[in-house]
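Asker: Before I ask anything, let me first share the structure, which is written out below as structure tokens.
The values are calculated or read from the model by the stated rules, or taken from the named source; none is laboratory data. Owing to the predicted nature of the structure, the values given are computational and were not obtained by experimental measurement. So basically every Cβ, Gly included, is an ideal-geometry build from the backbone, and we count neighbours across all protein chains shown. SASA here: full protein model, heavy atoms, side chains in, ligands and nucleic acids out. Shrake-Rupley method; radii C 1.70, N 1.55, O 1.52, S 1.80 Å.
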Amino acid sequence: MKKSPLRKIQKALLFAAPAALFFSYHPVISLGGTESMNFEFSLAEIWLILFSLASLVDLKDFFKFYGKKLFLLLAFPAYAALSLLWTPNRLRALLTVGLLFLLFFVGLNIYYQIKKSPKKLPLLQKILVLSAAVFSAFCWLQCVLDLLGVDRSATLLCRGCTYYAFGFPHPNGLAIEPQFAGNLLLAPALLMTYGLVTKKYLFKKPAHLLLTFFLTTTVFLTFSRGAIYALMIGFAVIFFLRFPVIKSNEKKSRTVQFNPRAFLLIPVALVSFGVALTAQGLFSEFSPTNDTFFSGVAKSIHQLSLGKIDLRPAEAPTSSDPTTTFSAIESAEEVTDSVYTGYVENSTAFRAELTHTALDIWNDSPTNLLFGTGLGSAGIKLLEKNPDFGIEKEIVQNQYASILLELGLVGALLALATLVFILKNINLTPLFLATLFSYAVTLFFFAGLPNALHVYLFLILVMEV
């Protein structure tokens, strides 16, 4: 039986998914904006829409596959849609609800397609890893081009990503910021590392080993604390779940054996960190700033350790104000001093203040506590509470606090119930749990959907069906 053209398109879009999601911000189609939001489309969002439309061909079988479970799975987005009744930012809420329903539909459809044809999963995983490798290569290219003086309009580096900041560039790839670039690499890096530990190689052993180190090293290169901490959490989960192997014999007694291959996680982490740190030192040495190899390495360690490990010279000055300094540097003919001399405490403090303010608004009244202030309302409510934030486009930068603020306890409990329901109905492998915990950590560092579609869809690609 011949496949219809729509089914062929759907299949092509399914296999394009891993690559498409790496285009989370660049190129971007900008359609203007309002005081509280920008109207922008990325290739990842365009793919989401196209795959949703193509998947309508399977709608009947899709409903049959999930049955009554579908109503439970859609309870959270349905409640988010209900909050349109009380949100002060209906346009943003409406667009977010649309994106949320598309995300749920696409995620459930990808899972359905894989369950229907399990042979698709290994191919999707290979595409994911190869896409991540190309993305990583672009990240390294961004750093080299920045040192050569190529303009940001060509390198696509964000404003704070160039060597102006720390003396060495830290890439954002095709994402909006380095934290999202590092986040995009978490699932493929954990997938490859897990393959080393379990001998489940996606590629020939030498290629698998090389790709594993390349991906994990690039996570460190992004210099995103959220992504790096999350990767280490993922490694820890794999270690503790794969080191003790419990086996049952014919007499139904259990014996505990130990898997020494779990210790491979240690050299993978150390070597990857060492290579990235060396690269940052070399970038600092060759950048137009007065930074040296040692100062670059010292700054990196100081920032990643939240100021706890300080190898900088005793006379190292405090970091400058980035707003004025970036403007001054970009208009200067010659750059000598980088903006930051180490740990940027203001960045951490600002994120903490956003979370604190969001939680403060959430418990302002019983209504806020239970039902939230409405989807899309965070920016408006944050500015009302603290005018120093300056703009209505500000977000909480903590997904958990954002859900509590906008959707209240009801929304948070529905989100948790959805997660629990999903976990009860799938095979919880060490790889899936490692990726889940890694993403759970990263959600403390950002909020929103447009730049984080991969968080929810890449999880499906590390499942075992």
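Asker: Mind ordering 44-53, 222-231 by average Cβ neighbours within 10 Å, highest first? Working shown, then result.
Answerer: Numbers: 44-53: 18.4, 222-231: 24.6.
The densest-packed peptide leads the list: 222-231, 44-53.
Asker: Then there's this: Can you give the charge dipole size of the chain about its Cα centre, rounded to the nearest 20 debye, using +1 on the beta carbon of Lys and Arg and -1 on the beta carbon of Asp and Glu? Don't skip to the answer; put the middle values down first.
Answerer: On the way: 37 positive and 28 negative charges, 755 e Å.
Using Cβ point charges on Lys, Arg, Asp and Glu, the chain gives about 3620 debye.
Asker: While we're looking at this one, here's another question. Please give the residues of the range 359-401, grouped as numeric ranges, whose backbone N is less than 20 Å from a label point set 7 Å along the Cα-to-Cβ vector of L84.
Answerer: Inside the label zone: 371-380.
Asker: Run the simple label-point estimate for L50 and A417 please: 7 Å along Cα→C-beta, distance reported in nm.
Answerer: In this crude label model, L50 to A417 measures out at 3.7 nm.
Asker: If we sort 198-209, 270-281 on the protection proxy, mean other Cβ atoms within 10 Å, highest first, what's the order? All intermediate terms of the calculation are to be shown ahead of the outcome.
Answerer: Numbers: 198-209: 13.5, 270-281: 18.2.
Highest-to-lowest ranking by the protection proxy: 270-281, 198-209.
Asker: Take every Cα-Cα pair in the chain and report what % of them are more than 28 Å apart.
Answerer: Result: 55 percent of Cα pairs exceed 28 Å.
Asker: Could you sort M463, M232 by their accessible area in this structure, using a 1.4 Å probe and putting the largest first?
Answerer: The ranking, largest first, comes out as M232, M463.
Asker: Rounded, prolate or oblate, given the Cα gyration tensor of the range 139-295, with a/c below 1.5 counting as rounded? The partial results should precede the final answer.
Answerer: Values: a/c = 2.94, a/b = 2.67, b/c = 1.10.
Prolate, because a/c is 1.5 or more and a/b exceeds b/c.
Asker: Students often check this: by mean Cβ neighbours within 10 Å, which of 419-428, 299-308 ranks highest, and how do the rest follow? Walk me through the numbers before you get to the answer.
Answerer: Working: 419-428: 11.6, 299-308: 18.3.
Sorting 419-428, 299-308 by mean packing, highest first, produces 299-308, 419-428.
Asker: Related question: Under the definition of Cα pairs under 8 Å and six or more residues apart, what whole-number percent is the relative contact order of the chain? If you can, show how the numbers build up before the last one.
Answerer: Values: 709 pairs, mean separation 91.1, N = 465.
Rounded, it is 20 percent for the chain.
Asker: A further question follows. Once you put a point 7 Å from the Cα of S117 and another 7 Å from the Cα of D310, both along the Cβ direction, what distance in nm separates them?
Answerer: Here the answer is 6.0 nm between the modelled labels.
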